[in-house]
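**Student:** I'd like to ask some things about the structure below.
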Amino acid sequence: MRLNVSQLLKEPIGSVRHYQVNEVVDVAGDGNSRLVQGEVRLTRTDRSILVEGTVHTEVEVTCSRCLSPFSCPVTLHFKEEYFPTVDVVTGASLTVPDEPGWFTIDEQHILDLSEAMRQYALIAIPMKPLCREDCAGLCPQCGRNLNQEQCDCLSQPVDPRWLELTKLVNEQKGTE
Ligand SMILES: [Zn+2]
Ligand SMILES: [Zn+2]
């Protein structure tokens, strides 16, 4: 995910490079390396290099219903500006703009996509991930994962005090 852009920095404004991304990286920074595939387009602007692209990968998440970890496919569409920190011809230091939300190209003219990808991957994680559309979740009474095994709780008469509690727990789950 590290691209040397020294040539592109020397080219006129509007020059474009396309790169295929096909790497196994720990995109979300959570210790799980995943294949990242896609394409990025780098455009030389008057002040920076604009990176636009789409990549597909997976992130490790926890099912909001049954609490099992699983791999969730995500597509990241990104568009970010990368500012050079040194002049590619003279080697002089450059000042980067005084505004938030940009990245820098290091002194060796390496444009590193990792941090941007990490940020986009975090945003792409669904709020309530489900391991599968019809995940059965956990039994509110015995806590068993109902995707793996059935329990007898529902067929047994329930103590009315527990029923109230279960209702409360389920209501809370619904509002999370
Ligand atoms: Zn689940
Ligand atoms: Zn049960």
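**Student:** Would you mind counting up the charge near Q37? Only other residues with Cβ under 12 Å from its Cβ, with Lys and Arg at +1 and Asp and Glu at -1.
**Tutor:** -2
**Student:** Now for a different question. Per DSSP H run of n ≥ 4, the term is -39500 (n - 2.57); total these for the chain, divide by its residue number, and report the mean residue ellipticity at 222 nm rounded to 500 deg cm²/dmol.
**Tutor:** That comes out to -5500 deg cm²/dmol.
**Student:** Provide the percentage of antiparallel DSSP beta bridges, counting only those with both residues in the chain; round to the nearest 5.
**Tutor:** Approximately 90 percent, going by the DSSP bridge assignments.
**Student:** Through the Karplus equation 6.51 cos²θ - 1.76 cosθ + 1.60, θ set to phi - 60°, convert the phi angles of segment 73-87 into ³J(HN,Hα) values in whole Hz; use x for Gly and Pro.
**Tutor:** x, 10, 10, 10, 9, 9, 8, 9, 9, 10, 9, x, 9, 10, 6
**Student:** With every protein chain left in place and a probe of 1.4 Å, what is the accessible surface of F83, to the nearest 10 Å²?
**Tutor:** Surface accessible to solvent at F83 totals approximately 10 Å².
**Student:** Taking the Cα centre of segment 1-90 as origin, work out the dipole magnitude from +1 charges on Lys and Arg Cβ and -1 charges on Asp and Glu Cβ, in debye rounded to 20.
**Tutor:** 140 debye
**Student:** So what are the ³J(HN,Hα) numbers for segment 142-149, from phi and the Karplus equation (6.51, -1.76, 1.60; θ = phi - 60°), rounded to whole Hz, Gly and Pro as x?
**Tutor:** Ordered by residue, 3J(HN,Hα) equals 9, x, 5, 6, 6, 6, 9, 8 Hz.
**Student:** Still on this structure, I have one more. Over segment 6-92, how many percent of alpha carbon pairs lie in each 5 Å bin up to the one with the longest distance?
**Tutor:** Histogramming segment 6-92 at 5 Å steps yields 3, 13, 18, 17, 14, 12, 10, 6, 3, 3, 1, 0 percent.
**Student:** Among D46, D87, what's the order by accessible area (1.4 angstrom probe), most exposed first?
**Tutor:** D46, D87
**Student:** Please report the equivalent ellipsoid semi-axes of the chain, computed as sqrt(5 x eigenvalue) of the Cα gyration tensor, largest first, in whole Å.
**Tutor:** 50, 16, 11
**Student:** Quick one: among R144, R34, R65, which has the greatest mean-square fluctuation in a GNM of the chain with alpha-carbon springs under 10 angstrom?
**Tutor:** Highest fluctuation of the listed residues: R144.
**Student:** Once amide H atoms are built 1.01 Å from N in the peptide plane, which residues 5 or more positions from C63, or in another chain, come under 5 Å H to H?
**Tutor:** Distant-sequence amide H within range of C63: S68, F70.
**Student:** Can you list residues from other chains, or at least 5 along the same chain, whose modelled amide H is less than 5 Å from the amide H of V86?
**Tutor:** For V86, the qualifying residues are L94.
**Student:** Tell me which residues come under 5 Å, amide H to amide H, from V27 once H is placed; ignore anything under 5 positions away on its chain.
**Tutor:** Amide H neighbours of V27: R34.
**Student:** Please find, in a Gaussian network model of the chain (springs between Cα atoms separated by less than 10 Å), the residue of T45, T90, T75 whose mean-square fluctuation is greatest.
**Tutor:** Answer for the Gaussian network model of the chain: T90.
**Student:** If ligands, DNA and RNA are left out, what is the accessible area of E164 with a 1.4 Å probe, given in Å² to the nearest 10?
**Tutor:** Roll a 1.4 Å probe over it and E164 shows about 110 Å².
**Student:** Now, a different point. Which length gain, in nm to one decimal place, applies between E149 and E133 when the Cα-Cα distance is subtracted from 0.36 nm times their residue separation?
**Tutor:** 4.0 nm
**Student:** Here is a further query. Within straight cross-link reach of K167, meaning Cα distance under 29 Å, which lysines are found once same-chain residues fewer than 8 apart are removed?
**Tutor:** K128
The values are calculated or read from the model by the stated rules, or taken from the named source; none is laboratory data. Being a predicted model, the structure only gives us computed values, none of them experimental. Cβ: placed from backbone, ideal geometry, glycine included. Neighbour counts: every protein chain shown. Protein only, heavy atoms only, side chains kept; ligands, DNA and RNA dropped before computing areas. Shrake-Rupley method; radii C 1.70, N 1.55, O 1.52, S 1.80 Å.
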